[in-house]
Amino acid sequence: MKSSVFQYPYSKVFRRAESILSRMGLKIVSSDSLKGSIQAKSGFSLSKPGLKVDLIVEEMENHNTKVTISGITMKNLFFQKKRDAERSEADILEALSTTM
């Protein structure tokens with residue numbers, strides 16, 4: 001479970017998180033801006049493992065916003081390269097921080 005803090009308003013970070021997940025090939029399953037939760041998953045692919053991600057976006061003091069990856073599940077087929085869940089979490093947070 002990794003998290004990052006951004007010095008941007010909650011609404012901007014929430015929208016950017018949704019767009020980053022979409023650009024990474026994940027489909028938004030559910031999104032609730034009032035609760036601050038985003039669930040996304042990727043479909044079946046021969047080259048990449050299936051991925052399911054749960055994000056929590058929280059507004060903090062001084063207009064900071066915290067993004068936490070609360071759950072990540074990877075489904076590998078027998079012939080696919082094993083990917084580390086921690087590396088996938090870091091990739092998502094890195095993509096989010098570079099677009100902010």
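The values are calculated or read from the model by the stated rules, or taken from the named source; none is laboratory data. In this text, all values refer to a predicted model and were calculated from it rather than measured experimentally. Cβ placement follows ideal geometry from the backbone for every residue including glycine, while neighbour counts extend to all protein chains displayed.
Applying a threshold of 6 Å to beta carbon distances and a minimum spacing of six or more residues, or different chains, the list of pairs starting in segment 26-42 at a residue that is touching a residue at least 24 places away in the same chain (Cβ under 8 Å) and ending at one that is in a loop (DSSP other than H, G, I, E, B) and surrounded by 18 or more Cβ atoms within 10 Å (Cβ to Cβ) reads 26/42. Taking the condition under 16 Å from the mean Cα position of the chain (by Cα), surrounded by fewer than 16 Cβ atoms within 10 Å (Cβ to Cβ) and at pLDDT below 70, does residue 84 pass? Yes; evaluated as a whole, the condition is true for this residue. Applying the condition of being hydrophobic (A, V, I, L, M, F, W, C) and within 19 Å of residue 61 (Cα to Cα) to segment 1-23 and asking which residue is surrounded by the most Cβ atoms within 10 Å (Cβ to Cβ) yields 13. In summary, residue 42 fulfils each of the numbered conditions (1) over 22 Å from residue 86 (Cα atoms); (2) crowded, with 18+ Cβ neighbours inside 10 Å; (3) of a type in the set (Ser, Thr, Tyr) with the single exception of condition (1).
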